[in-house]
Amino acid sequence: NCSNSQPFIIDANKIGSTAIGPLCGKLVHQGAKLTSIVKNFSNTADYTITPKTMANVVVSMFLGYFNSSGDQQSMYMEADNVTNSGDLNVNGDSTSACYYGGFCGYARLGRTRLTMTNSTNSGDINISGSILNNLLVGGLVGTHTATQIFTNVVNEGDINIDVVSTSTATAADELPMFTIGGIVGNQMGSQTSNNCYNKGNITFTGSTKGKVYIGGHIAYHNATLAMTDSGNTGNIFVGTDAKS
């Protein structure tokens, strides 16, 4: 039964690798069989991050970065009735990969699990500036590398991406990747969605030098997917820039 209503602002000239979230910036599980349980958490404040330059930045309106170490066995995050109505606004030039999400920017969990139930994000995600590397954005989760189970989870916030890729890579396997999803940007493990919807609009403008994946529910997914009574009602707009 915790909440945050205080806005968060970074307007420094330069920030390095940074993880930011109203609940926790970076949560690290060390060892085996650990569970983090969060119930009835709400954020109503806006987060505004406008450095001139930044490195690897991970931001969400709940938990920035969830990482496990050790043997990566039986490490769980269970979240129930988590709500966010604050907007995430980022404008800066990044020299590294960045991860943004309504509830979690980056969940790097090995063989573990992220479970979320009865939760809603209604805050907008607005990203602008330039980026040298990957950009992974989701209405709920930017990127996730293990099992994910969502039940009765909704994104109502709009996602607006207006960025310029500054990558100098020429080889296909070195080009940056952009993933923009209404629910999840990049999902690298099994995904189960039951009664989950994206209702927010997704708008992508700018220029890129690599592949761009945009999805109402999931932008990029490479493992088992099970969806029941789930879908997308948001509009997807892609800019007319020749490089998009």
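The simple Förster model, with R0 at 35 Å and r as the Cβ-Cβ distance, assigns THR95 and ALA172 a FRET efficiency of 0.95. Of the residues MET227, MET54, MET188, the one that moves most in a GNM of the chain with alpha-carbon contacts below 10 Å is MET227.
Within the full protein context, the accessible area of SER122 is estimated at about 50 Å² for a probe radius of 1.4 Å.
Using Cα pairs closer than 8 Å and at least 6 residues apart in sequence, work out the relative contact order for the range 82-238, in percent. Spell out each step's value before the answer.
Values: 491 pairs, mean separation 35.2, N = 157.
Relative contact order for the range 82-238 comes out at 22 percent.
Per the Debye formula on identical point scatterers at the alpha carbon atoms of the range 115-244, with no solvent, log10 I(q)/I(0) at q = 0.12, 0.14 Å⁻¹ is -0.43, -0.58. Name the shape class, rounded, prolate or oblate, that the alpha-carbon gyration tensor gives for the range 157-214, where a ≥ b ≥ c are the square roots of its eigenvalues, rounded holds for a/c under 1.5, and otherwise prolate holds if a/b is larger than b/c and oblate otherwise. It is oblate, given that a/c is not under 1.5 and a/b is not larger than b/c.
Simple rule: put +1 on each Lys or Arg Cβ and -1 on each Asp or Glu Cβ in the chain, find the dipole, and look at SER96, GLY189, ALA226; the Cα lying farthest toward the positive end is GLY189. In this label model, THR53 and ASN152 are separated by 4.9 nm, measuring between points 7 Å along each Cα→Cβ vector.
When nucleic acids and ligands are ignored and a 1.4 Å probe is applied, ASP229 ends up with an accessible area of around 100 Å².
Using heavy-atom solvent-accessible surface (probe 1.4 Å) with all chains present, what is the largest-first order of LYS209, LYS14?
LYS14, LYS209
Estimate the FRET efficiency between ASN222 and ALA12 by the formula 1/(1 + (r/R0)^6), using the beta-carbon distance for r and 35 Å for R0, to the nearest 0.05. Taking R0 as 35 Å, the efficiency between ASN222 and ALA12 is 0.45. For PHE237, nonlocal amide neighbours, meaning residues 5 or more places apart or on other chains whose placed amide H falls under 5 Å from its own, are ILE202, THR203, PHE204.
For ILE149, ILE37, ILE10, give the ranking by accessible area with the largest first, probe 1.4 Å.
Descending order: ILE37, ILE149, ILE10.
Amide H contacts under 5 Å for SER36: TYR76, MET77, GLU78, restricted to partners 5 or more places along the chain or on a different chain, H placed in the peptide plane at 1.01 Å from N. Surface composition of the chain: carbon and sulfur atoms hold 46% of the protein heavy-atom accessible area at a 1.4 Å probe.
Going from most exposed to least, what order do THR233, THR50 have by accessible area with a 1.4 Å probe? It would help to have the intermediate numbers written out before the result.
Numbers: THR233 95, THR50 60 Å².
From most exposed to least exposed: THR233, THR50.
In order along the range 185-194, phi translates into HN-Hα couplings of x, 9, 10, 9, x, 5, 10, 10, 10, 10 Hz, rounded to whole numbers, per the Karplus curve 6.51 cos²θ - 1.76 cosθ + 1.60 with θ = phi - 60° and x for Gly and Pro.
The alpha-carbon atoms of the range 1-160, seen along their principal axes, cover 41, 31, 22 angstrom, with the largest extent given first.
The values are calculated or read from the model by the stated rules, or taken from the named source; none is laboratory data. For clarity, every value in this text was computed on a predicted model and none was experimentally measured. Note: ideal-geometry Cβ built from the backbone for every residue, glycine included; neighbour counts use all protein chains shown. Protein only, heavy atoms only, side chains kept; ligands, DNA and RNA dropped before computing areas. Shrake-Rupley method; radii C 1.70, N 1.55, O 1.52, S 1.80 Å.
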